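So the structure is just underneath, and the comments pick up after that.
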Amino acid sequence: MIAPSILSADFARLADEAAAVAGSDWLHVDVMDAHFVPNLTLGLPVVSSLLKATDIPLDCHLMIEDPARWAPPYAEAGAYNVTFHAEAADDPVAVARDIRAAGAKAGLSIKPNTPIEPYLEILRHFDTLLVMSVEPGFGGQSFMPEVLDKARTARRLVDAGELRLVVEIDGGINDDTIAQAAEAGIDCFVAGSAVYNTDDPGRAVAALRAAAASASPHLTA
């Protein structure tokens, strides 16, 4: 699965930029509040407008404080998957329950320096685990391969039947890094500049999907 990140798209042409990656599995939307992370991007009104402009399922990644308050409205608006940060939630399971009740899949994200072990017991309440391979807040950062041990841990649990979730990665994914992420057990790859900083974003998505599939036995093209 490839999820182009509109953080690298032209914000003045979001409908066109979504159309340019038609056929993508998800469209990744980074919501930042300038509190949880030191950047401010877009919010619910833009997401609501984008939902009217594309049929690609929206994968909303909330890098925000107080997800218990703000996450469910993204599900109510029609987002397919709503992911929030473990570090921002006092009760992640309750937030996941509210997201699901509002009609979306629930995702849990962890920063590069956050260990996965404290959250393994609650992952059964989630549909997606988003492993950050850069520090959240800005696009265009370099991939941090040391986070792949977390992906391997989650993959083992999924393959053993102990979890049923999509293992997703976000940060620095491109032609040079996607293979090692796929080999570690990633299912869904968020790619920003590797898609939108090309002459043909649609072709870039196809190339990334093929590279991931050829690198991992659990993925198919």
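The values are calculated or read from the model by the stated rules, or taken from the named source; none is laboratory data. Fair warning: this is a prediction, and the values are worked out from it, not measured in the lab. Using ideal geometry, Cβ is built from the backbone for each residue, glycine included, and neighbour counts are taken over all protein chains shown.
Just a few scattered comments:
- Residue match in region 91-114 (condition: out of contact with any Ser or Thr (no Cβ under 8 Å at 6 or more places or on another chain), surrounded by 22 or more Cβ atoms within 10 Å (Cβ to Cβ) and closer than 16 Å to Asp170 by Cβ): no
- Sole residue being within 15 Å of Val82 (Cα to Cα), touching a His at 6+ places or on another chain (Cβ under 8 Å) and of a type in the set (A, V, I, L, M, F, W, C), chosen from Leu51, Leu62, Leu42: Leu62
Every residue, every condition in (1) surrounded by fewer than 18 Cβ atoms within 10 Å (Cβ to Cβ); (2) among the polar types (S, T, N, Q); (3) touching a helix residue (DSSP H, G or I) at 6+ places or on another chain (Cβ under 9 Å), yes or no:
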{"residue": "Asp175", "(1), (2), (3)": "yes, no, yes"}
{"residue": "Ala181", "(1), (2), (3)": "no, no, yes"}
{"residue": "Gly185", "(1), (2), (3)": "no, no, yes"}
{"residue": "Ala191", "(1), (2), (3)": "no, no, yes"}
{"residue": "Val195", "(1), (2), (3)": "no, no, yes"}
{"residue": "Arg203", "(1), (2), (3)": "yes, no, no"}
{"residue": "Ala215", "(1), (2), (3)": "yes, no, yes"}
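- Qualifying residue in region 5-27 (condition: assigned to a strand (DSSP E or B) and crowded, with 23+ Cβ neighbours inside 10 Å): yes
This table checks each residue for (1) closer than 21 Å to Ile2 by Cα; (2) modelled with pLDDT of 95 or more.
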position	(1), (2)
Val95	no, yes
Ala102	no, yes
Leu123	no, yes
Val131	yes, yes
Phe143	yes, no
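- Filtering Asp90, Asp98 for residues that are part of a helix (DSSP H, G or I), charged (D, E, K, R) and more than 25 Å from Gly202 (Cα to Cα) leaves a single hit, Asp98.
- Pairs where the first residue, in region 20-45, is over 16 Å from Asp10 (Cα atoms) and touching a residue at least 40 places away in the same chain (Cβ under 8 Å) and the second is buried (at least 22 other Cβ atoms within 10 Å of the Cβ) and of a type in the set (Val, Ile, Thr), C-beta under 6 Å, 6+ apart: Ser24/Ile2; Ser24/Val205; Asp25/Ile2
- In region 154-168, residue nearest to the chain's Cα centre (by Cα) [restricted to those that are more than 11 Å from Thr128 (Cβ to Cβ) and not in a loop (DSSP other than H, G, I, E, B)]: Arg155
- Every condition in (1) free of Cβ contacts under 8 Å to residues at least 40 places away in the same chain; (2) in contact with a helix residue (DSSP H, G or I) (Cβ under 7 Å, 6 or more places away or on another chain) holds for Leu165 except the one numbered (1).
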